[in-house]
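S.K.: The structure's right below; bear with me while I get my questions together.
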Amino acid sequence: METGWLDFEKPIIELEQKIEDLKTVSDKGDAETSDELRRLEAEAARLRAETYASLTPWQKVQMARHPRRPYTLDYIQRLFGEFVELHGDRRFADDRAIVGGIARFEGRPVMVVGHQKGRTTKENLVRNFGMPHPEGYRKALRLMRLAEKFGNPVVCLVDTPGAYPGVGAEERGQGEAIARNILEMAVIRVPIVVVVIGEGGSGGALALAVGDEVLMLENAIYSVISPEGCAAILWKDQAKAKEAAEALRLTARDLASLDVVTRIVPEPLGGAHRDLEAMCETLRGELRRSLGRLSSLAPDEMIKHRQAAYRRMGVFAETS
C-alpha cells in the first residue's frame, strides 16, 4: 500500500489497490473479470461516500493535516498568474514559513499571502513546519500595505499549526507582531479575502485571517488551540485530543454556524488532495465571487462591514 494515508482511509486504499491490480492483469474480453471490476468499483464508491460523509471532528483534524494535502504554493501555481514572490520584513529576516507576492487572478492584479509548510523533513526545516516567526507576520503586513498603496485586493491562504513559540520569536515580539497584523488588517482599505485551506491554528492563523470574507475548505479546521494543546491544559493528557476536538467546535460546519466563517468551500470526495485540479476550479469560482462582490463596495463601507463582522463574534443572549 502507498504511504501517506490516514488510518481510517486504509480500507479504501486497499480496495482501490485491488482494483488497480485487477486492471493490470485483466483481459478486457474476460466477462468474469469485468464483472468483478464493476463490483469492486461500486464497493469502493460506496465505502468512500460512507467514510467521508461521516468524519468525526478528530478525523477532520487528521484531514486538515493530511500529508498529501495541497499547500499555499500548490494553489498559487494553479490559481494565480505572473506570481512574483517578495521577501523580507525590512527589519530582521525573510521568514519562509510565510510566502507572498504580487500576482494576477483572472487578469486582475492581487497580492497573495499565505503560510507554507514543507513536504519533506528538509523542506519543513526551511519552512519551520509552517509556523511563522514575527518577521513572517511583519513581511505579510508589509505586502498587504503595499497592496493597499496600489489599490489591489489581498488574498490570504491560512494553513498553520500556530505561530512559532520559541524564545527567539518571543524576544523579537511575536505577540506584538500578531496583534499588529490583526489591528492593521481591520482597517486596510482594499478587499481582503481569507481562505482557510488546512490548519487554522490560534493567533498564528488569525494574524492572516482578518478579512471581509473568510472562506473555509470543507475539511479544514480553525481553532483557538490545537486539540493536543487543549487536552494537555484541560485534562493534563494529550491522549484526550479526540475529546478536545469535539469540544473545540473547530470544523467548517461548526464555524459557519457560529458566523466565524463566511462560506464553506466543498472539497472533492476524499479531500482536496484527491483531485487538486477540481479543488482549484471550485476555489477559483469562490474567489471570483468574493472579489466581484467586494470590488463594488466603497472602502469606508467595506471597513465598516469588516469590523462589524468581528464585533458580532461571541455575542450571545441568555434565555430564562
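None of the figures in this text is laboratory data; all of them are computed from the coordinates on show. What you see is a predicted model; the values in this text were computed from it and never measured. Heads up, the Cβs are rebuilt from the backbone with ideal geometry, glycines too, and the neighbour counts pull from every protein chain shown.
S.K.: Could you line up 180, 38 from fewest to most neighbouring Cβ atoms inside 10 Å?
M.R.: 38, 180
S.K.: Same structure again: Let me know the volume per residue of the alpha-carbon convex hull for the stretch 39-137, in Å³.
M.R.: 153 Å³
S.K.: Can you compute the FRET efficiency between residue 39 and residue 78 using 1/(1 + (r/R0)^6), with r the Cβ-Cβ distance and R0 = 30 Å? Round to the nearest 0.05.
M.R.: That gives a FRET efficiency of 0.25.
S.K.: Ok, one more. Could you work out how far apart the two model spin labels at residue 20 and residue 186 are, taking each label as a point 7 Å from the Cα in the direction of the beta carbon, and quote it in nm?
M.R.: Distance between label points: 5.0 nm.
S.K.: State, to one decimal in nm, how far the label point of residue 312 lies from the label point of residue 94, with both points 7 Å from Cα in the Cβ direction.
M.R.: Each label point is offset 7 Å from its Cα along the Cβ direction, giving 4.1 nm.
S.K.: Could you order the peptides 190-196, 254-260 from most to least packed, using the average number of other C-beta atoms within 10 Å per residue?
M.R.: So the order, starting with the most tightly packed, is 190-196, 254-260.
S.K.: Need one word for the stretch 151-288: rounded, prolate or oblate. Basis is the Cα gyration tensor (sqrt eigenvalues a ≥ b ≥ c); a/c below 1.5 gives rounded, then a/b vs b/c decides.
M.R.: Because a/c hits 1.5 or more and a/b fails to exceed b/c, the stretch 151-288 counts as oblate.
S.K.: Exposure proxy check: 214, 187 ranked by fewest other beta carbons within 10 Å?
M.R.: 187, 214
S.K.: Also: What pairs from 122/242; 60/240; 23/117 go past 24 Å between their alpha carbons?
M.R.: With Cα atoms farther than 24 Å apart: 122/242; 23/117.
S.K.: Under 8 Å for C-alpha pairs, at least 6 residues apart: give me the relative contact order for the stretch 18-139, rounded to a whole percent.
M.R.: Relative CO of the stretch 18-139 lands at 19 percent.
S.K.: Using Cβ counts within 10 Å as a stand-in for footprinting exposure, how do 121, 72, 262 rank, fewest first?
M.R.: 121, 262, 72
S.K.: Before anything else, pin down the relative contact order of the chain: Cα pairs under 8 Å, at least 6 apart, normalised by residue count, whole percent.
M.R.: 15 percent
S.K.: Would you work out if the stretch 61-312 is rounded, prolate or oblate? Take a ≥ b ≥ c from the square roots of the eigenvalues of the alpha-carbon gyration tensor; rounded if a/c is under 1.5, else prolate when a/b is larger than b/c, oblate otherwise.
M.R.: rounded
S.K.: On to the next question. Please label the shape of the stretch 155-212 as rounded, prolate or oblate, based on the square roots a ≥ b ≥ c of the eigenvalues of the alpha-carbon gyration tensor (a/c under 1.5 means rounded; beyond that, a/b larger than b/c means prolate, else oblate).
M.R.: oblate
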